[in-house]
Amino acid sequence: MTADSAYSIFPEDGQEVGRKRFVRVLQASASAFVTKGTVLLVNLISLPIAVRYLGAEQFGIWATITTSLSMLLVLDLGIANTLTNLISEAYARGDKKFASHSSATAFWLMMAVSTVLGVAGWLIWPWVNWNGIFHAENLESSLTSRSVAVAYGVFLIGMPTGLAAKLLGGYQELRSANLFAAAGSLCALLGVVLVVRFHGGLPVLVGASSGALVLANAACLLWIWMHHKPWLAPWPGNLSSSIGKRLLHTGSEFFLIQLAGLIVFSSDNLVISHYAGPAEVTPYNVTWRLVSYASALQTLMLPALWPAYSEAFVRGDLVWIRTTFRRVMISTMGLALTCCIVFLFAGRFLILHWAGAKAVPSGKLLFWMCIWVLISTFMNNVACILVAASETRIQAWSSVVGAIVNLALSIWWVRSMGSVGVILGTVISYLLLLVGPQTWKVLKVMNRPSESRDNASELP
């Protein structure tokens, strides 16, 4: 079926659909700019406050706890990411019934996962030596344990509430989710300031900074159910076993991708803290945050592009996908390269005056961080196409193998090279095992004959 004939299933003219799709991407990106600007402002203000208030060791514990708990996001079994594609499919076909069944099934599956994790955490908590894990012998064991407990509780509540952005993303309405997220960031800043003002401890700071974002997501979810799109409310009668199977089946590949991602992105601070001490986490974490701004344009656009690509695949509009992918790749890589050049020359100076002398990295660490940003920017564009097309098998397995190699290299090299060895392990594993296979698959997907997919699950 050609691209033109594919549109016979969908009454709107192909070019007009593509234009509206791109407008929605721009709207979402513009709102994301406001949100990310708010997050940037919050980080610029709160990070140096937290570093100076907590000191290098406690700040390292805070950073390690928050990033390590994000590792557990993999335990959502890929349900949230699969929901984005299902809602995008429902939106492309104008099928509210399919959307309502997908929303309800995903929510109750997520509630079940969160409950199981909560019970498991409650059972194993007394047997865990948290100070030993974080290599924090100088801190009271109860302080570390309570800080982890607070962060874990917030994380469990955040799992089902995080579906709000997935629902709005599937309808290409991320601008609304972004505004709620911006409000949450401002509340997080207020929480940090109040905790410091009234001399609260590390557990209170963890709860205030993380809890505000979860509350914003919860408010967004309630707004969707009660006002914006009430057919997405998770009434038990909308549960669907067939959609549940699809969520778990497709989610299993997302699960492997997320598993690899948590090893690559969330284990670094834990590895550094365990082998080199929590104080070494501070320059690594701060440098990571700085160089991540090189991916600002990509961060703004990709969350909106994913559901847009997915809808375009349903419609068989590969021409729009190819054109958009090429433009986004050029623009995001160009911005990342420009920023990395600036960071190489001025990064240590910026960090010194931003977060203080304790957060200044070595020149080698900054260099390899910049190399990683360029690789990551390229691969994120590639991954966006694969997940939107539900072509995640090769991505899943290459990512898992790459993550294992990355972790092994990081643990091996951190002992001899310090934190530089951790980021070097990430760079080498990606170049050897991920870039080639996933790029090949994207080229194959985008050059296949255009056809409309008609594979919506049967509803009860």
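The values are calculated or read from the model by the stated rules, or taken from the named source; none is laboratory data. In this text the structure is predicted, and so the values were computed from the model without any measurement. When we count neighbours, we look across all protein chains shown, and the Cβ atoms used for this are built from the backbone with ideal geometry, even at glycine. Just the protein is used for accessible areas: all its heavy atoms, side chains included, with ligands, DNA and RNA removed. Shrake-Rupley method; radii C 1.70, N 1.55, O 1.52, S 1.80 Å.
Annotation: of all residues in the range 59-109 being open to solvent by 10 Å² or more (accessible area, probe 1.4 Å), of a type in the set (D, E, K, R) and part of a helix (DSSP H, G or I), the one that is modelled with the lowest pLDDT is 76. Within the range 415-439, being among the aliphatic types (A, V, I, L, M) and open to solvent by 10 Å² or more (accessible area, probe 1.4 Å) holds for 417, 420, 424, 428, 431, 432, 433, 435. A single member of 410, 390 is in contact (Cβ under 8 Å) with a residue 12 or more places away in the chain and at positive phi, and it is 390.
In the set (1) at pLDDT 85 or above; (2) over 22 Å from residue 42 (Cβ atoms), residue 314 fails one condition alone, (1). Among the residues of the range 217-248, the ones that are among the charged types (D, E, K, R) and part of a helix (DSSP H, G or I) come to 2 in all. Is it the case that the range 323-339 has a residue that's open to solvent by 30 Å² or more (accessible area, probe 1.4 Å), over 30 Å from residue 388 (Cα atoms) and not polar (S, T, N, Q)? Among the residues of the range 323-339, not one is open to solvent by 30 Å² or more (accessible area, probe 1.4 Å), over 30 Å from residue 388 (Cα atoms) and not polar (S, T, N, Q), which makes the answer no. Within the range 189-213, being open to solvent by less than 20 Å² (accessible area, probe 1.4 Å), in contact (Cβ under 8 Å) with a residue 60 or more places away in the chain and over 15 Å from residue 65 (Cα atoms) holds for one residue alone: 192. For the range 377-395, what are the residues that are among the hydroxyl-bearing types (Ser, Thr, Tyr) and either surrounded by fewer than 22 Cβ atoms within 10 Å (Cβ to Cβ) or more than 16 Å from the chain's Cα centre (by Cα) (or both)? Listed by number, the residues that qualify are 390, 392.
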